[in-house]
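Chemist: The structure's right below; bear with me while I get my questions together.
Nothing in this text is a laboratory measurement; each read-out follows from the coordinates by a stated rule. Model, not experiment: these values are computed from the prediction. Cβ sites come from the backbone with ideal geometry, for glycine too, and all protein chains shown count toward neighbours.
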Amino acid sequence: MKNKGFTLIELLAVIVILAIIALIATPIILGIIDDARKEAKERTVELVASGVQYAYTNYLFNNQTDLDPDFCEYMTNDYFKMDKGSLKATENKTCENNVATVVVGTDEYTVTFAPATGKATIALSTDATVTTDITLKKGTTN
């Protein structure tokens with residue numbers, strides 16, 4: 001009578017092959033996940049930049065002024081709005097010395113404005129590599 005089934009050696013060979021595949025695939029999958037997270041944060045930085053540009057334009061429109069507004073005034077006085085689907089900027093924003101803090105979800109973004117050049121830099125507070133720059137001058141966008 002023949003025994004049907006696998007020998008211990010055959011089972012161990014399959015387990016070793018599966019372990020090798022898992023060792024190769026795991027870093028690749030983790031890399032893909034990390035890249036997707038970074039790209040999502042980069043897109044959020046761009047959305048914050050759009051919100052800053054909107055706040056600037058909204059302030060100029062509502063106040064009918066030819067003067068460049070005070071950065072902190074339009075970043076904290078309800079001109080800055082960001083509501084893109086599930087991404088909403090919370091109301092606990094601070095601004096001091098031309099540096100504003102915006103919280104989106106669980107991430108905190110820093111918006112630094114240089115009045116001399118009219119440039120604003122938006123950066124993820126926990127990752128200095130995730131940044132974008134915009135120019136805040138009347139009639140211009142990035």
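Chemist: Residue-wise, which Karplus ³J(HN,Hα) couplings in Hz belong to the range 27-39, taking 6.51 cos²θ - 1.76 cosθ + 1.60, θ = phi - 60°, and x for glycine or proline?
Modeler: x, 5, 5, 5, x, 5, 5, 4, 4, 5, 5, 5, 5
Chemist: Oh, and also: Using mean Cβ contacts within 10 Å as the protection proxy, how do 107-115, 126-134 order, highest first?
Modeler: Descending packing order for the listed peptides: 107-115, 126-134.
Chemist: Go ahead and run the numbers for FRET between ASN63 and THR112, Cβ-Cβ distance against an R0 of 30 Å, rounding to 0.05.
Modeler: The value I calculate is 0.85.
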